[in-house]
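No value in this document is a laboratory result; all are computed from the given coordinates. As the structure is a computational prediction, the values presented were derived from the model and not from experiment. Note: ideal-geometry Cβ built from the backbone for every residue, glycine included; neighbour counts use all protein chains shown.
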Amino acid sequence: MEQARLAATELVEISKLKPGQILVVGCSTSEIAGHKIGTVSNMELALAVYRGIAPVLDERGVFLAAQCCEHLNRALVIEREVAGKYGFEQVNAIPQPKAGGAFATTVYQNLKDPVLVEFIRAHAGMDIGNTLIGMHLKHVAVPVRVTVKNIGSAALVCARTRPKFTGGNRAVYDEGLL
C-alpha cells in the first residue's frame, strides 16, 4: 500500500531512525476500510500495509513491532532477535484476526522468528486508526507531521522520541538530539 510506504519513509527520515532501533505500528484494518475499530478484520489490507512498511524498515535496519489489539492486552509482535537485544520478556500467545488483529497476525506470519512481548519502548511509531500506541513509545514522544494524513479511511498519527531534557536555565542541549 503506497500510503503506508510513503508514511513509513517520511517517519523514518524525519525521526532519523538508526539501524537497530524500533518502530511500533498499531493498525486497525477495520478503520482503514471505513468501519469501527475491531469490527471487520481484513487480512488483505493488513498484508498491503505490511508490504508497504516492511521493506522501508528492512532496508534501513529498523525493527518492526506490531501492536496487537486489546484482546491480547496490546502485546507486540517482534523478532526473537529484538526481544533478546532489548531484554524484552516473551509472553505466550499467537495473534489471530479477532484476537490480536489482522495486522499483528500478518506480521507474526511474515517475520522470520516471531514472538510476542508485553511491553517495549520504541523509538518511533505509527498509529493507523487510533490504536493507542503511546504506551509503547520511549519518553519523550514528539508528534511527527507526515504528508500522509490517512491510510484508507483510518486517521494516521506518527511520533518519534527524544531524550529527556535535564538541567535548568543554564543547561545547554545537544541540537542533534532534539
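Numbers for the structure displayed
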{"item": "Per-peptide average of other Cβ atoms within 10 Å, ordering 12-19, 84-91, 46-53 highest first", "result": "46-53, 12-19, 84-91"}
{"item": "DSSP beta bridges in the chain [antiparallel fraction, %, rounded to 5]", "result": "65 percent"}
{"item": "The chain: relative contact order as a whole-number percent, Cα under 8 Å and 6+ apart", "result": "27 percent"}
{"item": "Local net charge near Ala75, Cβ-Cβ under 14 Å (Lys/Arg +1, Asp/Glu -1)", "result": "-2"}
{"item": "Electrostatic dipole magnitude of the stretch 2-177 [Cβ: Lys, Arg +1; Asp, Glu -1; Cα centre; debye, to 20]", "result": "420 debye"}
{"item": "Partners for Lys112 among lysines (Cα-Cα distance below 28 Å; same-chain residues under 8 apart left out)", "result": "Lys16, Lys18, Lys85, Lys98, Lys138"}
{"item": "The stretch 5-112 shape via C-alpha gyration tensor axes, a/c threshold 1.5", "result": "oblate"}
